[in-house]
1. Calculate the FRET efficiency for A:Ala45 and A:Val87 from the Cβ-Cβ distance with a Förster distance of 30 Å, rounded to the nearest 0.05.
2. With Rg and the Kirkwood Rh both taken from Cα atoms, where does Rg over Rh land for the protein assembly as shown?
3. Using a/c under 1.5 as the rounded threshold, could you call the range A:21-149 rounded, prolate or oblate? The axes a ≥ b ≥ c are square roots of the C-alpha gyration tensor eigenvalues, and prolate needs a/b larger than b/c, oblate otherwise.
4. Could you work out the local net charge near B:Arg18, counting Lys and Arg as +1, Asp and Glu as -1, over the other residues with Cβ closer than 13 Å to its Cβ?
5. Alpha carbon centre of the range B:1-35 versus the range A:1-68: separation in Å?
6. Taking loop as defined by DSSP and a crowding limit of 15 other beta carbons within 10 Å, which trypsin sites (Lys or Arg not before Pro) in the range B:1-35 fit?
7. Through the Karplus equation 6.51 cos²θ - 1.76 cosθ + 1.60, θ set to phi - 60°, convert the phi angles of the range A:121-127 into ³J(HN,Hα) values in whole Hz; use x for Gly and Pro.
8. Summing +1 for each Lys or Arg and -1 for each Asp or Glu, what net charge is found among the other residues whose Cβ lies under 12 Å from the Cβ of A:Leu70?
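Bear in mind that the values in this text are calculations on the coordinates, not laboratory data. Note that the structure is predicted; figures quoted are calculated from it, not measured. Don't worry about glycine lacking a Cβ; one is built from the backbone with ideal geometry, like all the others, and counts go over all protein chains shown.
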Amino acid sequence: MARNYAVTGSRSVASPTQTLLGITGATSCRTQLNDLIVGSSATPADNALRFTVQRYTAAGTSTTVTPQALDSADPASTTTAGVNHTVEPTYTTGAVVLDIAMNQRATQRWVATPGREIKVPATAANGLGVQPIHPSFTGTVNATVHFEE
Amino acid sequence: MLFCGICKQPLGPNETLRDIRLTVEDMEGQAFPIDKKPGLYAAGPQMFNLYAPIVAARLGKRVEEMGPNDYV
């Protein structure tokens, strides 16, 4: 039976972009992103932020976080997650699956239509990265990801 | 006011930012960015136009064949 997990992360925006949060699948499961919340906890201001979700084939270097099971009786997830990347994942050119433009003041949520979740291939090191994009804003941005595997 | 993520210069009226992912090889020999870090930049028109042919050449395409997502 499918199991659901949550990952949260935060970081300062940088240029060039540094990944906020990544989830990396495994050969033994099909990870599916089904919920994404992005916002900013910085002092309110009118910055035009963009968040993209893009596929990658290598996870880069990041701080490992443990995905939290939405059902506390579930075992640990097979999918791994990382935040605050110091070495960017190897993104696949053109493989942008979400592009969210927003005002810094207005948190945005994306929820997959049932059956149209964003799936990660069952290939080692493949995954999805959430990237905050702004050329000069350096405040903190936050993301929550829910996925199924 | 918006600034180019590559050269840090302010954008002019009606100018917009476009995303472009650069490698170190793309940036060799160019004056900007001064600190040549690979990654995804929000670029103003001048820097985008400077780097677009370089990125297209790396991908084996012509600029006319590139879509917006091909640059990221």
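1. 0.50
2. The Rg/Rh ratio comes out at 0.98.
3. prolate
4. -2
5. Cα centroid of the range B:1-35 versus Cα centroid of the range A:1-68: 25 Å apart.
6. Hits after loop and neighbour filter: B:Lys8.
7. x, 7, 10, 4, 6, 7, x
8. Local charge sum for A:Leu70: -4.
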